[in-house]
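Undergrad: Right, I'll just put the structure down here and ask away after.
The values are calculated or read from the model by the stated rules, or taken from the named source; none is laboratory data. Here the structure is a predicted model, which is why all the values come from computation and not from measurement. Here Cβ is always computed from backbone atoms with ideal geometry, including for glycine, and neighbour counts include all displayed protein chains.
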Amino acid sequence: MDHFTIKGATALLPDGLRPLDVTVTGGRIAFDAGGPGIDARGLILAPALVDLHGDAFERQLMPRPGVHFPLDAALMETDRQLASNGIATAFHALTLSWEPGLRSLDMAAAVIRGLDRLAPRLAAENRVQLRWETFCFEALPLIAAALEGPLAPAIAFNDHTSMAVLTPAVPLQERPFEQDPDFPVTDLGSPAFAAKMGDRAKRSGLSVPDYVALIAEIWRRRPEVPGVVEKVAAMGRAAGVAMLSHDDSQAETRARYRGLGARISEFPMNRRAAEAARAAGDWIVFGAPNAARGTSHLGSPGAGEMIRAGLCDILASDYFYPAMLAAMARLRAEGLGLETLWPLVSANPARAAGLSDRGEIAPGARADLVLLDWPEGETPRPLMTLRQGRIAHLAAPELLPR
């Protein structure tokens, strides 16, 4: 149905909650424009979620280590999870790595092709964040091709290679800028390093000795990395896409990527890095699981603390799609207002990604909406998710327009 009105809901507007009849017409939002109705009394109507970084799709691609699932089934299940969690726009954090296996370039290319081919059948708008490992020089042709695709991706500069070889004497959150000439490296031939690489080896399908040999070979590329980073940044600037730096630990790191056009700091690993981003007017992203659980699984700053300090603009699903709504519930129960919280999962990620047509309930905005059953003190349950006015998820058939 192209024209209907959601009646009786409490709408979450930029200035707070208030009763309002919201009309969907031609995929856009209008106020009080009549038409067939949805009886939404007792429910909250909010802008649908925009997820700037989610890699939970990897669990569908590889439900157990070394167990690959058919691509189409994995992507459609991921899409179902997105819509059922109120997410209408998602940027899948798709790793472009020198590793074989789950995070290989072959897998990344297959996912990009699969999402493009399945797009007419998918409920949510499935985009990709090109989570580029900066030591993977072979990824540049794939990045160039993705930038020409029908839905503009984002580019995230990711250096898990340097993080992997960091000496254990230095906490991950306090490591120097990765291109520091004195970056402290562990002994790549030690049994401790081999043990540390065990999970990575399993994910890639290699034996531990073969994985250690591979990362040692890749590490020798280090002198060339800054020049290749500059090439990828230039590609991103030319395409006008959002760019992010991942796991910043130093103000120097943030300054380097800001200078290349990456104005989003994704998961800064200490308060100092977040404050450097804020001082320069950059967007700051933390993980919704961190906010929902009340702590980071890596020992990074608490997202709730960062929100209260004005050092967080965006919450992303990271590794668990339900975390965005769970974070809203916990933070609301702790006394933060929804007019402050909800932009973290809707308007702000949309603006940071350059998607100015969604993220708010406003006349003329894209009708990306979610109807929530949200009893006081409980976790919200999405009953209906709309993407551009079309039903992407429906858990209560009585809400169909009539």
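Conditions tested, residue by residue: (1) part of a loop (DSSP other than H, G, I, E, B); (2) in contact with a Lys or Arg (Cβ under 8 Å, 6 or more places away or on another chain); (3) under 21 Å from residue 306 (Cβ atoms).
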position	(1), (2), (3)
326	no, no, yes
335	yes, no, yes
357	yes, yes, no
362	yes, no, no
379	yes, no, no
392	no, no, no
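Undergrad: Based on this model, can you work out whether residue 341 counts as more than 27 Å from residue 171 (Cα to Cα), assigned to a loop (DSSP other than H, G, I, E, B) and not assigned by TED's automatic domain parsing to the domain that holds residue 375?
TA: Against the criterion (more than 27 Å from residue 171 (Cα to Cα), assigned to a loop (DSSP other than H, G, I, E, B) and not assigned by TED's automatic domain parsing to the domain that holds residue 375), residue 341 does not qualify.
Undergrad: Then there is this: Filter segment 108-163 for residues that are within 26 Å of residue 177 (Cβ to Cβ) and among the polar types (S, T, N, Q); which is surrounded by the fewest Cβ atoms within 10 Å (Cβ to Cβ)?
TA: That would be 162.
Undergrad: Residue by residue through segment 7-43, note down the ones that are touching a helix residue (DSSP H, G or I) at 6+ places or on another chain (Cβ under 9 Å) and charged (D, E, K, R).
TA: Scanning segment 7-43 gives 15, 39.
Undergrad: List every residue pair whose Cβ atoms sit under 8 Å apart, with the two residues 6 or more apart in sequence or on different chains, where the first one lies in segment 69-97 and is farther than 20 Å from residue 381 by Cβ and at pLDDT below 95 and the second, anywhere, is surrounded by fewer than 24 Cβ atoms within 10 Å (Cβ to Cβ) and not basic (Lys, Arg).
TA: 69/60; 69/61; 69/62; 69/63
Undergrad: Can you name the residue in segment 258-286 that is within 18 Å of residue 132 (Cβ to Cβ) and surrounded by 24 or more Cβ atoms within 10 Å (Cβ to Cβ) and is also farthest from the chain's Cα centre (by Cα) among such residues?
TA: In this case the residue turns out to be 262.
Undergrad: While we're looking at this one, here's another question. Considering 241, 232, 212, which residue is closer than 18 Å to residue 137 by Cα and either in the same structural domain as residue 299 (by TED's automatic domain parsing) or of a type outside the set (A, V, I, L, M, F, W, C) (or both)?
TA: 232
Undergrad: Sort through 15, 32 and tell me the only one that's surrounded by fewer than 15 Cβ atoms within 10 Å (Cβ to Cβ), under 17 Å from residue 389 (Cα atoms) and charged (D, E, K, R).
TA: After applying the criteria, what remains is 32.
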